[in-house]
Amino acid sequence: DQWHRYPDLQGTPVALLPGTDERPLAVVTDADRISFNQLESDRWNEIAAASNLGQLNLASITQLDDGSIWFGTDQAAYHQTEDRIERYSVPSPQAFSRDSQGTIWAAANTELRRLDGDRFIKHSEVEALTRTVSQALLASPDHELWVGTQFFGAFRHDAAGWHRYDTKDGLSDNNVIA
């Protein structure tokens with residue numbers, strides 16, 4: 001077994017994702033540009049890219065089960081599918097998830113948002129979620145949405161409503177980041 005070096009990636013690799021059809025996907029940034037590169041034999045080939053994204057401080061990146069990629073910067077959320085990248089007005093999204101009904105969720109600073117058509121709408125119903133940074137999301141197969149927060153532990157939404165879990169419930173810390 002040997003390690004291989006791939007000099008054909010231009011920029012700074014920031015994430016390596018499983019990709020589709022078992023070929024890895026490298027996410028690369030360079031100034032105000034992001035590119036998605038798939039490994040073909042011994043060479044990385046760019047499959048999608050976007051430029052003029054402004055100050056590209058990548059805040060989050062998530063690959064969903066359909067292979068599409070959601071990523072967030074300081075200014076917006078982006079969705080990469082096949083060969084295109086779409087922009088959504090969501091400030092500083094920290095995490096993305098898709099629930100069992102196909103709804104896309106974004107945790108953006110102190111807001112929980114869901115995709116409705118071509119825009120994200122605010123969905124925070126719990127006051128504690130509006131007072132802390134939501135930084136992790138997980139949509140479970142049994143119709144629950146979990147939100148990890150910076151200071152208030154984790155929240156679970158199910159058919160009965162919202163439930164909060166913190167150190168009193170056994171969490172080792174109220175800062176839930178993943």
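The table that follows gives values for the structure above.
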{"read-out": "Of all residues in region 15-39 being outside any strand (DSSP E or B) and not β-branched (Val, Ile, Thr), the one that is most open to solvent (accessible area, probe 1.4 Å)", "value": "GLU22"}
{"read-out": "Among the residues listed as THR62, THR12, the single one being free of Cβ contacts under 8 Å to residues at least 40 places away in the same chain, open to solvent by less than 70 Å² (accessible area, probe 1.4 Å) and not hydrophobic (A, V, I, L, M, F, W, C)", "value": "THR62"}
{"read-out": "Single match in LEU39, LEU17, LEU9 (criterion: closer than 27 Å to ALA108 by Cβ and not small (Gly, Ala, Ser))", "value": "LEU17"}
{"read-out": "Where ASP42 falls short, out of the listed (1) over 21 Å from LEU112 (Cβ atoms); (2) touching a His at 6+ places or on another chain (Cβ under 8 Å); (3) open to solvent by less than 60 Å² (accessible area, probe 1.4 Å)", "value": "(3)"}
{"read-out": "Residues of region 40-66 classified as outside any strand (DSSP E or B) and among the acidic types (Asp, Glu), total", "value": "3"}
{"read-out": "Lone qualifier among SER41, SER68 - being modelled with pLDDT of 75 or more, of a type in the set (S, T, N, Q) and under 21 Å from the mean Cα position of the chain (by Cα)", "value": "SER68"}
{"read-out": "Residue that is nearest to the chain's Cα centre (by Cα) [pool: residues in region 45-59 that are open to solvent by 50 Å² or more (accessible area, probe 1.4 Å) and among the aliphatic types (A, V, I, L, M)]", "value": "LEU58"}
{"read-out": "Criterion violated by PHE96 - all others in (1) among the aromatic types (Phe, Trp, Tyr); (2) open to solvent by less than 70 Å² (accessible area, probe 1.4 Å); (3) farther than 27 Å from ASP30 by Cα satisfied", "value": "(3)"}
{"read-out": "Residue in region 127-143 that is farthest from PHE96 (Cα to Cα), counting only those that are open to solvent by 30 Å² or more (accessible area, probe 1.4 Å) and in a loop (DSSP other than H, G, I, E, B)", "value": "ARG131"}
{"read-out": "Output for region 73-116, where each listed residue is farther than 23 Å from HIS143 by Cβ, of a type in the set (A, V, I, L, M, F, W, C) and over 11 Å from the mean Cα position of the chain (by Cα)", "value": "ALA76, ILE85, VAL90"}
{"read-out": "One residue from TRP146, TRP162, TRP105 being outside any loop (DSSP other than H, G, I, E, B), in contact (Cβ under 8 Å) with a residue 12 or more places away in the chain, more than 24 Å from ARG33 (Cα to Cα) and open to solvent by 40 Å² or more (accessible area, probe 1.4 Å)", "value": "TRP162"}
{"read-out": "Tally of residues being in contact with a strand residue (DSSP E or B) (Cβ under 6 Å, 6 or more places away or on another chain), open to solvent by 20 Å² or more (accessible area, probe 1.4 Å) and small (Gly, Ala, Ser) across region 65-91", "value": "0"}
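The values are calculated or read from the model by the stated rules, or taken from the named source; none is laboratory data. No experiment lies behind these values; they were computed from the predicted model shown. Please note: Cβ atoms are built from the backbone with ideal geometry, for glycine as well, and neighbour counts cover all protein chains shown. Only protein heavy atoms, including side chains, enter the accessible area calculation; ligands, DNA and RNA are left aside. Shrake-Rupley method; radii C 1.70, N 1.55, O 1.52, S 1.80 Å.
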